[in-house]
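Below is one structure, written out as structure tokens; comments come after it.
Read-outs: derived from the displayed coordinates by stated rules, not from any lab. Not measured: the values here are computed from a predicted model. Counting neighbours? That spans all protein chains shown, and the Cβs are built from the backbone with ideal geometry, glycine included.
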Amino acid sequence: MTARGFAILTIVLLVAAAVRLSFGPASDGGALRMSFGVPSVEALGLRGSAVIGAAFVGAALGLAGLALQVLLRNPLAEPFILGVSSGAGFGVALVLAAGYLLAIPAMRFGGEAGGAVVGAVVTLAVVLSLGRSREGHDPTRLVLSGVIVGAIFASATMLVEQMVPHGLRGDLLSWMAGRLPEIPPRESLGLLAAATVLCGLVLARDARAMDVACLSEDEARTSGVDMARLRRRLFLVSGVLAAIAVAYAGPIGFVGLVAPHAARRLVGASHRVVVPASALGGAALLVLAESTRQFIDVGTGRLAIGVITALAGGPAFLWILRRSRWNA
Amino acid sequence: MERMIAATGLCVRFGATKALDDVGFAFPRGALVAVVGPNASGKSTLMRTLAGLVEPDEGSVEVMGLPLARLSIESRAQAIAMVPQRPEVLAPFTAREVVALGRYAAGPSSAAVAAALDAVGLAARADVGCHALSGGERQRVAVARALAQVGEGSVLILDEPMAGVDPAEVARMVQVLRDRAKTGAVLVTLHDAGLARAFATHALVLSRGRLVAAGDASETLTPEILSSAYGHPMEIRGGWIAPRLPPQR
């Protein structure tokens, strides 16, 4: 089951990547045109950046969703639903606006990532505290808290967007719908890749503890897992992963929900395999969404990637909500 | 005789409520201890305190002569295993995988896992997903996980393992607990004082967080002591201790 599951995820990733590399907008003397077939070296570079960016953002979101589901003992947890993406987005919007108004180009990605991390961690802390009842974290209360806090931060981001000059406003709007840069600064792609790999390794090291954490709290603690320490690590890892993905590509929803569930279906329940499978699944899903959007022209350009993941992920959320199980 | 588990002056407060008030006892190796008492008498709090899940406000717990508070989390996990009132398995693990999780602190052992599954009669269902098992079977998986966790010669704590379990399952559970108690100590909370008297070697009777009696089961689980603990007359009917029922109208 495990090998077959990894093979399926790998094939989806490779096929989606091949489609994206063969079909998409290519730079042609400053203008954009659609092309299909063997791409030029220049087009291959642009499309390759989009594919690599999508793969790492997807992997980061898949891992963030998995970490949040274990942290909160909630199969519905993921950065977008819990408002973490919106919080990170607000952090990025503030940094972008400040950078633009103060004309500080050095604030670009490093500053955006910093703003995203602060926004994500603060939001997560607020949602966790609001979602806590006397008996612990109530799944419904958590999701509702996340939705409300996310809506507040999304509104605050729109307020920032209304206050900034026209040029930046357009940038912010397209970023808020999810946007994978085709010409990303090398350091931003590097930071995204390094953070994803590092956080993935932390989760892989904690895989057995995460397995035990899927028992009741009392069973996990008496089995020898230091739950307080595990929670701190999962909290930080999920916050950093969600933040770095949002800083790079905007708040993209539902990948963090669907990837871990797909991983469990395909490779089993052990986190030794679910951690890499969630990363691979997230990468495959986002590259697939990035490829799919190339075929949907909405007049002003290709459909935003966040719209595709929301259209596909929304029904998945409802399905998991109905089943309310970890192997949905 | 070696003291397997002992408590001295245990006090646990939740705000203004005293869940445990000056509870003390000691049980030897081989003890199968029934912990009985009415609802909210402090049974679960006592079990969680003995397992190291609740820090007592006063008093201490000793396991095999060692202070529980000074044991590392790993050493504690190899000395004491606990089955809580409501075991959970969130992810879609099989029964075998759940039992193997019990080996987190001690290290993997397929032999220990197989023996534990066999002891609870689930060897044939080992590779079935926990979500597909019945409530009674899931309870047995939780017991098997605890058995695999600590091995022989250790302390096993079970909070209401017989709740909602049919008579055949109860009989099997009793046998499992008796077998394990031979080399270590088993503490089990029960609502059925008659069942407790039928299979336990020792007993603890609690009421409103205070210890009413502790000692040999035959001397502790008497109608007089239980009547005082439950605040309701208890009597022996057909060799079984049970609450006195109102006359039929």
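Taking every residue in A:59-65 and counting other chain Cβ atoms within 10 Å of its Cβ, the average works out to 0. Derived scalar couplings between HN and Hα for the range A:241-251 equal 4, 5, 5, 5, 5, 5, 4, 7, 10, x, x Hz in order, rounded to whole Hz, by the Karplus curve 6.51 cos²θ - 1.76 cosθ + 1.60 (θ = phi - 60°), x for Gly and Pro. Each residue, B:Arg86 and A:Leu159, gets one label point 7 Å from its Cα in the Cβ direction; the gap between the two is 3.9 nm. Under 5 Å between amide hydrogens, which residues at least 5 positions from B:Gly209 or on another chain qualify, with H placed 1.01 Å from N in the peptide plane? Here B:Gly42 satisfy the definition. Amide hydrogen proximity for B:Arg103: with H placed 1.01 Å from N in the peptide plane, no residue at 5 or more positions away or on another chain lies under 5 Å. Principal axis extents of the Cα atoms in chain A, from largest to smallest and rounded to whole angstrom, are 65, 47, 34. If you plug the beta carbon distance of B:Ile236 and B:Ser109 into 1/(1 + (r/R0)^6) with R0 = 45 Å, you get a FRET efficiency near 0.50.
Can you tell me the FRET efficiency between B:Ala132 and A:Arg205 if r is taken as the Cβ-Cβ distance and R0 is 35 Å, rounded to the nearest 0.05? The value I calculate is 0.65. Per residue of peptide B:96-105, the mean number of Cβ atoms on other chains within 10 Å of the residue Cβ is 5.
The distance separating the Cα centre of the range B:139-198 from that of the range B:85-114 comes to 17 Å. For the range B:77-92, 3J(HN,Hα) computed residue by residue from phi via the Karplus equation (6.51, -1.76, 1.60; θ = phi - 60°) reads 5, 8, 9, 9, 10, 10, 10, x, 4, 10, x, 10, 9, 7, 7, x Hz, glycine and proline entered as x.
After finding the eigenvalues of the alpha carbon gyration tensor for the range B:3-243, what semi-axes result from the square roots of 5 times each, listed largest first in whole Å?
Working: eigenvalues 161, 94, 49 Å².
Over the Cα atoms of the range B:3-243, the ellipsoid semi-axes are 28, 22, 16 Å.
Inter-chain Cβ neighbour count for B:149-155, averaged per residue, equals 1 (cutoff 10 Å, partner chain atoms only). In terms of its C-alpha gyration tensor, the range A:232-328 has a prolate overall shape, because the principal axis ratio a/c (a ≥ b ≥ c, square roots of the eigenvalues) is not below 1.5 and a/b outweighs b/c. With the convex hull drawn around the C-alpha atoms of the protein assembly as shown, the volume per residue stands at 181 Å³.
Could you sort B:59-70, A:65-76, B:19-30 so that the peptide with the highest average Cβ count within 10 Å comes first and the rest follow in order? Mind dumping the intermediate values first?
Numbers: B:59-70: 15.6, A:65-76: 26.2, B:19-30: 18.6.
Packing order, densest peptide first, comes out as A:65-76, B:19-30, B:59-70.
Put a dot 7 Å past the Cα of B:Ser72, heading toward its Cβ, do the same for A:Leu44, and the two dots end up 5.4 nm apart.
Can you tell me, using C-alpha contacts under 8 Å and at least 6 residues apart, the relative contact order of the range A:2-323 as a whole percent? Don't skip to the answer; put the middle values down first.
Numbers: 562 pairs, mean separation 102.9, N = 322.
Relative contact order comes out at 32 percent.
How much length, in nm to one decimal, is gained on full extension between B:Arg249 and B:Ser218, taken as 0.36 nm per residue of separation minus their Cα-Cα distance? Please list the in-between numbers first.
On the way: separation 31, 0.36 × 31 = 11.16 nm, distance 3.40 nm.
Between B:Arg249 and B:Ser218, full extension yields an extra 7.8 nm.
Per-residue Karplus couplings for the range A:76-91, computed as 6.51 cos²θ - 1.76 cosθ + 1.60 with θ equal to phi - 60°, are listed in order as 9, 6, 6, x, 6, 5, 7, x, 5, 5, 5, x, 5, x, 5, x Hz, Gly and Pro entered as x.
What is the fewest-to-most order of A:Tyr248, B:Tyr104 by other Cβ atoms lying within 10 Å of their Cβ?
Working: A:Tyr248 30, B:Tyr104 21.
Exposure proxy ranking, most exposed first: B:Tyr104, A:Tyr248.
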